[in-house]
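We did not get these values from a lab; they are worked out from the coordinates using the rules stated. These numbers were taken from a predicted model, which means no experiment stands behind them. For neighbour counting, all protein chains shown are included, and Cβ atoms are generated from backbone atoms with ideal geometry for every residue, glycine included.
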Amino acid sequence: MRTFLIALALACACGGASASPTYRVVVDTGAAAGQWGWLDFLILGQAAASPVHATLGGFAGIDGDGTAPLLAGDVAVTATGAILGNGAGWNEYALWTRFGGRIGFDVLLDIDPRAGAGSTLEVALLDAAGNYAGAAGDVLAFALLPGEAPVLTQTDAVTLPEAPAPALVGLGLALLGLARRRRAPRRILAGAA
C-alpha cells in the first residue's frame, strides 16, 4: 500500500508539472556588452484570448543601478519578481541592467485550458531608447495556446536547461524499484524457514 501511495504522489507531481510548466532561462547578453538596457517581458493581450499568467522570478545576473522596473498593463510585482498576465492590450515588465554577462530567471506559465485565442510571452533585450540590443528581435518567445504545450522560439543567446521534473520522477521510480528489490529476498528467506 505504501508503494502505491508513493507512486500516486509521483504521478500527481508529474501532472502538476505538465499543467503549469516552469522554465529556467539563461540569456547571454555578451552581444550587447557594456550597454545599459532593459530585460523586457511582454504579453500582448487579445480580446478573445484565454487567460494566461507568467510568474517571473529567480532572477540572477541583474546588474542594475536602482532604476525601478518598468510596469504596464496586467502586472503584479511580487517579492521575487512579477506576475504578468494578458488582461490588457499591452502587458509589460522590464528590469534595467547592464548587459555583458549571463542573466537567469524562472518562468512559470499558467495557461487557462478554456477555448480562446492564444497569447505570446516575448522576452527581449532593449537599449535605453527601446530598440533591440545585441539581437535583431526577441531573444525568446513562448507561444501559448489553450490546451497545448507552449511552443518556444529562441536565439543562440538563450539556454533552457532541462526541466527537473522528469529526472525526479525517474529517480523516484528507480528508488521504488530498489526498495522492492531489497524487500524481495527477505520474503524468500522468511518463506524458506
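By counting other Cβ atoms within 10 Å of each Cβ, how are Val26, Val52 ranked from fewest to most?
Numbers: Val26 15, Val52 27.
Least to most surrounded, the residues fall as Val26, Val52.
With a Förster radius of 22 Å, plug the Cβ-Cβ distance of Asp156 and Leu70 into 1/(1 + (r/R0)^6) and report the FRET value to the nearest 0.05.
Numbers: r = 26 Å, r/R0 = 1.18.
Working from the Cβ atoms, E equals 0.25.
So for Phe59, Phe105, fewest C-beta neighbours within 10 Å to most, what's the order? Write down the numbers at each step before the final one.
Values: Phe59 17, Phe105 22.
Ranked by crowding around the Cβ, least crowded first: Phe59, Phe105.
In nm, to one decimal, how far is the modelled label at Ala60 from the one at Leu44, with both set 7 Å along Cα→Cβ?
With each label placed 7 Å out from Cα toward Cβ, I get 3.3 nm.
Kindly state, to the nearest 0.05, the FRET efficiency for Ala128 paired with Arg102, given R0 = 22 Å and r defined as their beta-carbon distance.
Numbers: r = 21 Å, r/R0 = 0.95.
E between Ala128 and Arg102, to the nearest 0.05, is 0.55.
Treat each spin label as a single point 7 Å out from the Cα along the C-beta direction, and report the Arg114 to Trp36 distance in nm.
According to this spin-label approximation, the distance is 4.4 nm.
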